[in-house]
Amino acid sequence: MSYFEDAQKKYEKLKHKENVLILSVESSCDETSIALVENGRKVLSNIVSSQIDIHKLYGGVVPEIASRNHIKNITGVLDEALLKANKTLSDIDAVAVTYGAGLIGALLVGVNFAKTLAFALKVPLIAVSHVHGHIGANYISHVDLTPPFLCLMVSGGHTAIVEVKDYCDFNLLGTTVDDSVGECFDKVARVLGLSYPGGPNIDRLAKEGKNIVKFNYKTPLKDTLNFSFSGLKTAVVNYVHNCEQKNTDFSKADVACSFQELATDELVSKTMLACRDYPKLVVAGGVGANSRLREKLETACKKNGVKLYLPDLKYCTDNAAMIGAIAYYYMKAGIGLSDLSLTASATVRI
Ligand code: KG4
Ligand code: ZN
């Protein structure tokens with residue numbers, strides 16, 4: 001029997017197994033991560049090896065350097081993940097991997113590593129969308145969370161409002177027509193001279209802001225669930241450049257704070273518009289760690305009688321546990337099983 005015929009049979013059988021242990025691999029950007037997750041909810045280990053200190057030197061992720069460091073780190077991350085979970089490779093029921101969206105070279109390291117493991121262990125290989133993984137992070141943080149719900153997806157690559165009808169049934173209600181909100185945070189941070197990754201640094205600096213700065217900006221795309229962030233980004237960049245050219249003093253904290261207020265207002269107002277038909281809201285992705293966004297969503301949801309689910313901070317940004325969580329539900333739905341021709345994809349559809 002070929003590897004794939006055997007994997008197909010095993011995948012079907014897993015649906016009825018009481019305890020399913022998935023080893024998951026995530027390498028879509030600059031984090032090399034491997035996790036062991038049981039039944040989509042219980043994290044036995046989640047090792048994240050971050051390359052932030054390397055990419056900081058360049059002000060952003062350098063794709064080629066990210067790929068090389070994934071290769072360097074990945075076997076050590078696997079050893080650590082098994083050790084922490086107190087498991088061996090023979091305990092693994094399936095291997096899951098992020099196949100997209102992300103940096104092609106970086107993704108390929110994880111994909112090839114996962115293919116090799118799945119083949120050697122004779123277990124099914126599950127190809128997972130990174131975006132679905134971010135949603136899956138919430139099943140770890142909230143054991144009581146079940147679909148249907150509405151999801152605000154805010155990361156470096158995506159800004160979207162997604163209707164999650166079932167674990168593997170997604171309907172895109174709105175998305176950005178230009179930049180993602182994460183890109184916008186990172187660009188504003190860069191123009192303010194803050195180091196990579198910019199989002200957390202804006203979040204920190206904004207807390208020291210005292211006065212609201214008026215940028216040359218009007219909220220775009222009213223009365224739709226689509227977002228636009230490039231106008232806001234340009235307005236902030238122009239403001240800073242103008243001040244620098246004219247040698248006018250300005251407060252970086254005030255700029256960070258004023259920008260963050262506008263960006264989070266845009267996210268919260270659209271989300272609450274979409275929430276009119278939903279009693280449950282889930283947040284996913286790196287920008288979901290933003291303290292002001294979390295605060296505003298809590299207030300708005302309370303006011304509108306919406307139950308809010310925020311992922312733990314460590315599951316907002318990229319990690320393999322979220323991939324293992326959603327992979328379990330792929331398996332239950334009978335989707336995602338891949339043969340050894342699996343390759344990486346720079347983009348994926350939600
Ligand atoms: O989900 P993620 O780790 O990677 C992608 O899938 O893109 O998101 C990364 C993005 C970056 O743009 C980063 O600056 C942003 O999330 N981010 C934040 C915060 N923490 C991470 N943005 C605002 N406030 C934060 N606290
Ligand atoms: Zn991500």
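How high is the FRET efficiency between D91 and M1 when r is their beta carbon distance and R₀ equals 25 Å, given to the nearest 0.05?
Calculated value: 0.65.
Using the beta-carbon distance between R349 and T299 and R0 = 35 Å, what value does 1/(1 + (r/R0)^6) give for FRET efficiency, to the nearest 0.05?
The formula returns an efficiency of 0.60 here.
Taking only protein heavy atoms and a 1.4 Å probe, what accessible area per residue, in Å², does the chain have with all protein chains in place?
Heavy-atom accessible area per residue stands at 44 Å².
Quick one: dipole size for the chain, taken about the Cα centre, charges +1 on Lys/Arg Cβ and -1 on Asp/Glu Cβ, in debye to the nearest 20.
480 debye
Answer with one residue from A96, C301, L78: the one whose Cα lies farthest towards the positive end of the charge dipole of the chain, charges on Cβ with Lys, Arg +1 and Asp, Glu -1.
So the residue furthest toward the plus end is C301.
Taking the Cβ of I161 as the center, what net charge do the other residues with Cβ under 13 Å away carry, scoring Lys and Arg +1 and Asp and Glu -1?
Residues close to I161 contribute a combined charge of -1.
At 20 °C and 1.002 mPa s, grab the translational diffusion coefficient of the chain from Stokes-Einstein with a Kirkwood Rh over Cα pairs, rounded to a whole number in µm² per second.
The calculation lands on 103 µm²/s.
Picking from N46, N171, N211, which is most flexible by a Gaussian network model of the chain using Cα springs under 10 Å?
N211
Go through H132, H158, H241, H16 and list them by solvent-accessible area, largest first, probe radius 1.4 Å.
The ranking, largest first, comes out as H16, H241, H158, H132.
Evaluate the distance, in nm, between pseudo-label points positioned 7 Å from the Cα of K17 and of C243 along their respective Cα→Cβ axes.
Inter-label distance under the simple model: 5.7 nm.
Looking at the range 52-147, which chymotrypsin sites (Phe, Trp or Tyr not before Pro) are DSSP coil and have at most 11 other C-beta atoms within 10 Å of their C-beta?
Y58
Label 7 Å along Cα→Cβ of D79; the range 14-45 residues with amide nitrogen under 16 Å?
Residues passing the 16 Å test: 34.
Positive end of the charge dipole of the range 147-314 (Lys, Arg +1 and Asp, Glu -1 on Cβ, about the Cα centre): tell me which of Q260, N211, V283 has its Cα farthest that way.
N211
Percent of accessible area on the range 168-285 owned by carbon and sulfur, 1.4 Å probe? Show your work: numbers first, answer last.
Working: 2780 of 5860 Å².
Reported share for carbon and sulfur atoms: 47 percent.
Round to the nearest 10 and report in Å² the accessible area of E244, as given by a 1.4 Å probe over the protein chains' heavy atoms.
100 Å²
So what's the back-of-envelope 222 nm ellipticity for the chain, counting only DSSP H runs of four-plus at -39500 (n - 2.57) apiece and dividing by all residues, rounded to 500?
Numbers: 11 runs with 156 residues, N = 350.
Rounded to the nearest 500, the figure is -14500 deg cm²/dmol.
What aspartates and glutamates sit close enough to K332 to cross-link, taking a C-alpha to C-alpha distance under 17 Å and skipping anything fewer than 8 places away on the same chain?
Of all the aspartates and glutamates, those that pass the test against K332 - Cα under 17 Å, at least 8 places apart if same chain - are E12, E18, E38, D93, D166, D169.
Please identify every one of the GluC sites (Glu not before Pro) in the range 1-77 that sits in a loop by DSSP and has no more than 15 other beta carbons within 10 Å of its own beta carbon.
Of the GluC sites (Glu not before Pro), the ones in loops of the range 1-77 whose Cβ has at most 15 other Cβ atoms within 10 Å are E18.
Holding the Cα-Cα limit at 24 Å, pick out from K13/K115; K42/K303; K165/K270; K214/K302; K72/K187 the pairs that are longer than that.
From K13/K115; K42/K303; K165/K270; K214/K302; K72/K187, over 24 Å: K42/K303; K214/K302; K72/K187.
Among 327-334, 222-229, what's the highest-first ranking by average C-beta atoms within 10 angstrom per residue?
327-334, 222-229
The values are calculated or read from the model by the stated rules, or taken from the named source; none is laboratory data. Worth saying up front: this structure is predicted, and the values here are computed from it rather than measured. Cβ atoms come from the backbone with ideal geometry, glycine included; neighbour counts cover every protein chain shown. In case anyone asks, the SASA skips ligands and DNA or RNA and just uses the protein heavy atoms, side chains included. Shrake-Rupley method; radii C 1.70, N 1.55, O 1.52, S 1.80 Å.
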